[in-house]
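Report on one structure; see the data block that follows.
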Amino acid sequence: MEMLSYAIFIKNLGDEFVVVRSSPHDDRVNKVDTLILDRKTGTLVCAFDEVSAINGIDYDKKRSAVYGRNLNGGGASLKYGIGADNSDGKQSVIISKASNIPVFYIALDSENIKNGMKEFLPDMGNRSEFEKKLFSYFVSSIIAQIEGLELNESRLNKYPELKNKLVAFKHIMEPLKANVKKSQAVKTRSKPR
């Protein structure tokens with residue numbers, strides 16, 4: 001699951017973002033699997049914790065833990081996060097501590113993980129229809145999680161840095177969702193009858 005979601009995000013986010021696996025330390029201690037850096041702002045915009053279930057005890061535990069980390073702990077703190085350094089006139093990605101990072105869970109059941117692995121195209125320039133659907137599903141899930149967190153505004157207001165990052169990441173995700181829907185609509189209209 002972790003490698004599939006990682007690959008889907010790399011292929012779909014493109015050069016505007018850096019997608020990396022978290023350090024073994026941050027995976028084990030801080031419970032995050034994947035990090036996303038916005039190249040334009042140099043900001044670590046979010047972290048993901050993947051789960052290979054869409055319901056049941058494991059899913060419920062993951063969902064509760066992620067919401068709790070955001071609403072009760074101000075997001076993730078990472079010992080080995082990433083950032084951008086522009087000191088030599090050229091942007092480079094650096095390892096740096098990070099705090100108040102929004103955490104989202106990415107959930108997918110085993111059947112769709114298998115289908116995703118089977119349908120995944122190794123060519124970075126091409127995406128299968130299933131890859132597009134997975135990305136759309138991931139983006140929708142993230143937006144729903146952000147909106148769920150926003151419902152808890154009084155708790156979220158305790159962590160202004162986290163709240164600002166959530167708002168910024170939502171603004172990044174919404175056009176991506178619109179682009180996915182637009183490309184699906186064009187494909188549907190162009191099918192012969």
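The values are calculated or read from the model by the stated rules, or taken from the named source; none is laboratory data. These numbers were taken from a predicted model, which means no experiment stands behind them. With ideal geometry, Cβ positions are generated from the backbone for all residues, glycine too; neighbour counts draw on all protein chains shown.
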Scan 31, 11 and give me the residue that is touching a helix residue (DSSP H, G or I) at 6+ places or on another chain (Cβ under 8 Å) and under 13 Å from residue 76 (Cα atoms).
31
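Could you tell me whether the range 125-145 includes any residue that is loosely packed, with under 13 Cβ neighbours inside 10 Å, closer than 26 Å to residue 4 by Cα, among the polar types (S, T, N, Q) and at pLDDT 85 or above?
Yes, the range 125-145 has at least one match.
Residues to consider are 36, 10; find the one that is of a type in the set (A, V, I, L, M) and crowded, with 21+ Cβ neighbours inside 10 Å.
36
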Report, by residue number, each residue of the range 28-67 that is farther than 16 Å from residue 146 by Cβ and in a helix (DSSP H, G or I).
28, 56, 57, 58, 59, 60, 61, 62, 64, 65
If I filter the range 14-27 down to residues being free of Cβ contacts under 8 Å to residues at least 60 places away in the same chain and either among the β-branched types (Val, Ile, Thr) or assigned to a helix (DSSP H, G or I) (or both), which single residue comes out as surrounded by the most Cβ atoms within 10 Å (Cβ to Cβ)?
26
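Consider the range 91-144. How many of its residues are of a type outside the set (Gly, Ala, Ser), within 22 Å of residue 53 (Cβ to Cβ) and part of a helix (DSSP H, G or I)?
18
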Could you tell me which of the residues 52, 87 is of a type outside the set (Asp, Glu) and under 17 Å from the mean Cα position of the chain (by Cα)?
52
